[in-house]
Amino acid sequence: MNMRRSIVAVSVALATSVIAASCGGSSSGGSGDGTPKKGGTINILSNAEQIAHLDPQRNYTGDDLAFAGSTIQRSLTTYKFAAGDAGSEVVGDLATDAGTASKDGKTWTFTLKDGVKFEDGSDITCADVAYGVSRTFATDVITDGPSYAMTYLNVEGEYPGPYKATAAQQAAYDKAVTCDGKTITFNLKSTVADFNYTTTLLAFSPVPKAKDTGEKYDMHPVASGPYKIESYEVGKSLVLVRNDQWSADTDTERKAYADSIVYNFGLDESAMDERLIADAAEDQTAVSAGILPENLQTIFEGGDKALTDRAVNYYDPFVTYTNLNVKSLSCIDVRKAIYLALDRDALRKAGGGPYTGDFADGFIKPALALDYKKATPVEGLHEDGTPNVEAAKAAMASAETNCPDVAAHAKAGLSFYYPDTDIWKKALAIWIDSMSKAGIKIKPEAVGDPAQYWPTVMNPETNYDIARGGWAPDWANASTVIPELFTTGGGFNLTRNADDPDYKAFETKIEEARNTLDRTEQGKKWQELNQFVVDHLWALPGTFTRAQSMWGSKVGGAFQWGPFGAFCYGNLWVK
Amino acid sequence: MAEVVLSVRNLSVSFNTPDGVVHAVNDVSFDLQAGETLGIVGESGSGKSVTAGSLMRLNNSVTATTTGNVVVNGVDVLNCTEDEVRGIRGQDIAMVFQDPLSALNPYYSVGAQIAEAYQVHHADASKDEVEQVVIDMLTKVGIPHPETRLHQYPHQFSGGMRQRIVIAIALVNKPKVLIADEPTTALDVTVQAQILDLMMDLQRETNMAIILITHDLGVVAEVARDVLVMYGGRVVEKASINDLFVAPTHPYSWGLLGAVSSLEDLQRGHLKTIAGTPPSLISIPSGCAFHPRCEFYEGVGSRCSSEVPELRTISSGQSMSACHLDDVQIVSIGKSKVLQ
Amino acid sequence: MYLFIARRLFFAVLLLLAVSLVTYLLFSVLPVDPAALTCGKNCKPDLIAANRVRLGYDKPVLEQYWLFLKGIFVGRDYGMGQAAFSCPAPSLGYSFSQHQCVTTLIGKTFPVTAYLSLGAFVLWMLIGIGSGAVAALNKGKWQDRLANAFTAVGVSLPTFYVGLLVLFSVVIWLGILPFPHYASPFEDPIAFFQAMILPWLTLAVLSAASYTRLTRNGMLEAMNEDFVRLGVAKGLKRSVILRKYVLRSALVPIVTIAGLDFAALLGGAIITESVFTLPGMGKLSIRAVVESDLPVLVGTTMVAAVFIVLANVLVDILYGVLDPRVRTK
Amino acid sequence: MSVSTSPRVANAVETISIEGKSPRQLAWQRFRGDRLAIFAAGVIATYVFIAAFAPVICAVLGISPYRLDGAALNDFGLPKGSFGGVSSEHWLGVEPGTGRDILARLMYGARVSLLVGFLGTLFTTSLGIVIGVISGYKRGKVDAVIGRITDLTLAFPSLLLIIALTRPLTQRLESMGVPEGNPARIVYIILVLGLFGWVYVARVVRGQTLSLREREFVEAARASGAGTRRIVFKELMPNLWAPIIVIVTLSLPGYVATESTLSFLGLGMLPPSASWGAMLGDSVRYYRADPTYLFIPGIALIVLVLAFNVVGDAVRDALDPKADRQSL
């Protein structure tokens, strides 16, 4: 779910955060609510203008997956709708169970339940699932989807998706994804031991071919879950009402308590917080994801217990970090100087202090228990986040002799790309101030539209020296972290580390880790790779982030759903 | 003896301005008889227009302080209620303004504006009656095709025509007194004469009294019987028109008449002027306000700068003058000045 | 008069053509590749190039402009296959970030802006003319000074600051109103008024300022006019003079400015809509700026210009009705 | 002796020569008499002084607009202590999140805000005067062409365009050699303000010019063979000052507000530099957490605006004291 909340993570940057899949049971919400009951309307407050994508094959951000996956769409498998550790267990959704793998882990089969229907009353068939999955390949229309997951499928040759495929190409796809009655079989290129985690992605949910409207499907997908879209107005609201074709008998997870769920778009962030704090009648059934740092004190330590009880502070799945352009900052001394001089404590404070999260030692969150091992930090790094100016100066001094070019570049000004928001302006001030103490200059490059931040820095032609990042694993395996962030084939590698002399060795180790079937053994390899990146300073660990969210006094079931770091929207109920 | 229709006693007006208190009018008194035309002359800032405004209580009620009495039709305009003075305005005293261009409300037809003036004082007049009055008035002031022109707007009339309409508005209620504040200054010379003729014709018809305020001695000479000469907010000479031109009795009047250059002088490029500048009404010179510019000041001496000369009748005739020169000097110098 | 209106309308159309051309040229200099915005994160160069051709962005600017103009009258089709869509006339383009025809988007957001503008306009005229009249009648007194200070602060404080202060004070601190939540006046009139009253007030208070000044000065000027003196000299009542002479003449120039301000409001209540989260045209356009959504930007600019130009024509006509000097020339 | 109504007799009184203080002297005298205006002018002068010498004053006070002070913040990044962290060290408290001194930022911010205000006004007004005078003086075709350009300019939703063009045009300016960052942004703001703002100035000036050019003294100057330039600069300009000064004093605070609106939309000055607009925009978010911070930049702006307004009114009154004879 990679850049989940990427906009929030950028604009509220230092503030936001995630959970941890398997053992992030720090959620405090959701208990002692009383008995859930049916009826009422749940209001979701959001400062976004719309949901990034409702088209299941294009939906790939955590909060939206949690929303759509718990309300309108069903996939083959799903995480249990539960708080804490239970929430990371994969169970069958449209499929009767969590799927069956062949011995070599290269073939996965799922059997569809009986009586599952689309909102128009037609049965959901294996063909609908196969067709849905095939759409993800049509990246010219179906943009932003988890295309990497498609690379698992053993489709021979190029497959451009169902819209443009020739008969031969379609046949190749149909060989990789086969239907036999209610059983769907995925033939994979190589072993994927946890493919049933992949199938929790909505990319594996069915789409009726006859109802596919291509690009426009995003605005009105056909529902398979307990809710369907009544109206969707970008910038205003999305209204969900009950889908009477959904049968509770076919669904172990979705409870669909509320009669309707309304997503309110385009609200001012401050206003959202104020509304929930005020808890006026019409906002008592509202929830919102994220709290602005300036309001954390009021909510969590303001002495109003009723208010504190309506909010949760938890580890979300995210790790934040800072990418260094290894190509332009090819000298590790300079990278070390930057890290040592950086006032991480001030940065954390600006984002709301400990509520921002804990100082990260690497890029794998402790929640990934099998893959986590505390990394040994660079020598001289203060663990309390305060800068070590002396050590930084020393590092710069040795850079002067080892790599005068790069040192000179750092003194002349490192281009720093940031989203032009209030919080980032302050963070930038902290960067500028801390770097100046080590004799390094920062050249700010504002990206005006926060939504354009990722496209800008991911553009190979953008000449940044420093660019921030934030990442959450797609599921509880560091295989969805380290390779994504630090290999040239990864989807989100901003370090430009290909020319690093040690890169080849790194990539080799990655391949080894991937091909290690024993999960514990594999975890050890990820731990080593994590340490490898920390030692090479391709990127600087930031925080293991925490996140906060709040809900109205009449909302029940407001727990944080581990894998997504979001509310389990579909199971919220009105007290 | 004709009826006295307007009696002004000890009228003084001052204004509070950001620059200080302006003493615009000081202790002015005069009477006006029915059918009479009184001219008030003086340069800009001599207080003549303020005097005119006071007669109808038109001056700014916030900044102006007015003392004295102005009695019209038995009512003291300065000391009565707002309702009473409104009953007098337009009914007993009417006014014609200097600039006919700006005196008419541009947003209403001229007929409506005349009708309005009539209806204020004839609330129960019927619509037809009012229209007839308007047409009659327009005819009377010499507007051709009044039936159609009454629907037109001020900007569709020429300057002279507009002034005729202003006169029509003023006279629609047959007032006893008409104040004409520089009625011809803004008009062409040929039109000036027409307007003056019109006013005098109408005066003969209704026997109203006219106060004609002007800085144009020629105009005064043409129509007025008596003249007040004002300087520094005071009346410095009061005379019949003949006496003023034949034997003026105040050094300021001498200057005024002297400034009327002969054609020959103009051709030779000579322009006579009164030396010095008009007084600031904020700090009027002590004593005789004219003394700093008066060529006889040194001869008379400190009295001029310390004592305000009273308006007194000069022994040789009916003219009244406010000057410290003795009567003999006044008469002799006055005549010689005119003969120059 | 009819000839006059016809002439003005003709020039208005010419003006709009000029506006559309300038708008098009202006936005064509933006260093934004509209085609790159059509395919999100996994845009690849070949895909961008294909989309550029598909949407006509590869053509010369003037030809694009021509297609745009044509679209207004005959509608326009874009693309082909699964990604095809068409916008019926009057088409102002297609928004990729919102997947809708610009005309549809504007049609949806316009009523909100219209309600906002209308309400605010009425309120601010009442407040502005009222306080201006009070100030003029009490020139130099405390009422005048207060109106003056109000004017000064009003024209100078940024809308977003005042708007948020008003919002937070009334809703959070005083708790008088619930948080604004826009609803159509036909569906939920109470919610509509609750959502609109604060933005109306904010805009009214800020914009009324200049009308206070205009009214005050206009009335003071009129009070110095000879025709007002003549009115007094006629023996008219003070109230009659104030209404028929003073206010009437002070209002004429106000009409001009009010018309333009109203049009400007329709074209860009950007900040107010953002602060109060009203789903109007201003918010639509600010979003378009943020997303570099060119078709929407061009569309909203054009619609705004249409209103400004129409308002100009209307003001001219109204001017004629109000001022006989213009009418009968 | 006979007296006729010939022209030589008419208007005799007006030929009496009038001398006295020049209008400028009179105006100055009137202005000096307005105590409130003198006080307001003092306030403006103080602001300008503070802006000009901000670095010196900050050095003397030992404060800096850029220095972070984490010690002044609690764990949430909010100022420690009451009233937004007011202390002997930070007289107006500290900025939430960073602990930077608000007084110092306010003083440095005044530099940007006043610079934008003054230069924006200067540019807009000059452009407006030039175009207005040309349009009013030349009349005919020139006037018609300028009139159409005016219509065109007015037809654009200016704020939308200003916002939309900020980024591309600042980049263009930078590529044209304007120093990157804030200088380019300031130049941009001033340019666009001028581009959309001249219309209003030009309208007023054109109207004044149209009526002035018919006056006798202009006729006289033209008759005596004075060139256009001389007439414009010697005869027209001196008579345009009154309306122009009023426009200037009223529009200047408006430009300060515009800068802040752009900042609010993320298009203002770049960090870490301070501007009032950025402070206003930032402070609103602390409505609940730090209300002191919320009011400080607002009050600073309001005081300046009121001062300008008072001075503007006083200047107008001094230059143009309407004959106060209203009858109501």
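Laid out as a table, the results:
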read-out	value
Total formal charge among the other residues, if their Cβ is under 13 angstrom from that of C:V171, Lys/Arg +1 and Asp/Glu -1	-4
Highest-fluctuation residue, D:V60, D:V187, D:V303 considered, GNM on chain D with Cα pairs under 10 Å	D:V60
Accessible surface buried once D binds A (1.4 Å probe; total of both sides; Å²)	2500
Summed side-chain charge close to A:K117 - residues other than A:K117 whose Cβ falls under 15 Å, Lys, Arg +1, Asp, Glu -1	-2
Cα-Cα separations in the stretch D:32-79 greater than 14 Å, expressed as whole percent	68
Distant-in-sequence amide H partners of A:W561 (H built 1.01 Å from N, under 5 Å)	A:A566, A:F567, A:C568
Threshold 10 Å² - residues in the stretch B:170-206 whose accessible area is reduced by that much or more when the chain is no longer isolated, probe 1.4 Å	B:V189
Segments D:241-251, A:530-540, A:290-300 sorted - mean Cβ within 10 Å per residue, highest first	A:290-300, A:530-540, D:241-251
Gaussian network model of chain B, springs between alpha carbon atoms under 10 Å - residue of B:E237, B:E84, B:E36 with greatest fluctuation	B:E84
Average partner coverage of D:304-314, which counts Cβ from other chains inside 10 Å	3
Average partner coverage of C:282-293, which counts Cβ from other chains inside 10 Å	5
Nonlocal amide H pairs with A:K117, under 5 Å, H built at 1.01 Å	A:I124, A:S247
From phi via Karplus (6.51, -1.76, 1.60), per-residue ³J(HN,Hα) for the stretch B:155-163 in Hz, x at Gly/Pro	5, 8, 10, 7, x, x, 5, 5, 5
Where C meets A: accessible area buried, both sides, 1.4 Å probe, Å²	2800
FRET efficiency for B:H151 and B:R312, using Cβ-Cβ distance with R0 set to 51 Å, rounded to 0.05	0.40
Whole-Hz couplings from phi, Karplus 6.51/-1.76/1.60, listed for the stretch A:106-117; x for Gly and Pro	9, 10, 10, 10, 10, 10, 6, 6, 7, x, 7, 9
Solvent-accessible area, 1.4 Å probe, carbon plus sulfur percent, for the protein assembly as shown	58
Chain D - mean residue ellipticity at 222 nm from DSSP helices (-39,500 (n - 2.57) per run, n ≥ 4, rounded to 500)	-22000 deg cm²/dmol
Alpha-carbon centroids, the stretch C:204-232 and the stretch D:107-174: separation in whole Å	28
The stretch B:1-146: radius of gyration over Cα atoms, expressed as a fraction of 2.2 N^0.38 Å	1.20
Chain pair B, C: total accessible area buried, heavy atoms, 1.4 Å probe, Å²	2400
Alpha-carbon Debye profile of the stretch A:521-575, log10 I(q)/I(0) at 0.22, 0.27 Å⁻¹	-0.87, -1.06
With Cα atoms, 0 to 90° folded angle of helix D:158-175 axis to chain D main axis	70
Karplus (6.51, -1.76, 1.60) ³J(HN,Hα), θ = phi - 60°, over the stretch B:249-258, in Hz, Gly and Pro reported as x	10, 9, x, 5, 4, 4, x, 4, 5, x
Per residue value of the accessible surface for the protein assembly as shown (all protein chains in place, 1.4 Å probe), Å²	38
Most mobile of D:G84, D:G97, D:G117 in a GNM of chain D (Cα contacts under 10 Å)	D:G97
Net charge of neighbours whose Cβ lies under 13 Å from the Cβ of D:P297, counting Lys and Arg as +1 and Asp and Glu as -1	-2
Shielding by partners, peptide C:299-307 (average Cβ within 10 angstrom, other chains)	3
Principal-axis tilt of helix D:140-155 within chain D, Cα atoms, nearest 10 degrees	30
Rounded Å value of the spacing that divides the Cα centres of the stretch B:189-262 and the stretch A:297-366	95
Listed peptides A:77-84, B:66-73, D:154-161, C:184-191 by packing density, highest first (mean Cβ within 10 Å)	D:154-161, A:77-84, B:66-73, C:184-191
Estimated [θ] at 222 nm from DSSP helical runs (n ≥ 4, -39500 (n - 2.57)) normalised by residues in chain A, nearest 500	-8000 deg cm²/dmol
Folded to 0 to 90 degrees: helix B:110-121 orientation relative to chain B principal axis, Cα	80
The protein assembly as shown - convex hull of the alpha-carbon atoms, volume per residue in Å³	211
Listed peptides A:316-327, A:211-222 by packing density, highest first (mean Cβ within 10 Å)	A:316-327, A:211-222
Span-rule helices in chain C, defined as complete DSSP H runs reaching 18 Å or more along the axis (Cα) with Kyte mean at least 0.0	C:2-28, C:61-74, C:102-137, C:142-156, C:189-223, C:248-267, C:294-322
Surface/4 estimate of mean projected area, convex hull on alpha-carbon atoms of chain A, nm²	24.4
Amide H contacts of A:R468 (H built 1.01 Å from N, under 5 Å, at least 5 apart or other chain)	A:N323
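The values are calculated or read from the model by the stated rules, or taken from the named source; none is laboratory data. Owing to the predicted nature of the structure, the values given are computational and were not obtained by experimental measurement. Cβ: placed from backbone, ideal geometry, glycine included. Neighbour counts: every protein chain shown. Keep in mind that these areas ignore ligands, DNA and RNA; they rest on the heavy atoms of the full protein, side chains included. Shrake-Rupley method; radii C 1.70, N 1.55, O 1.52, S 1.80 Å.
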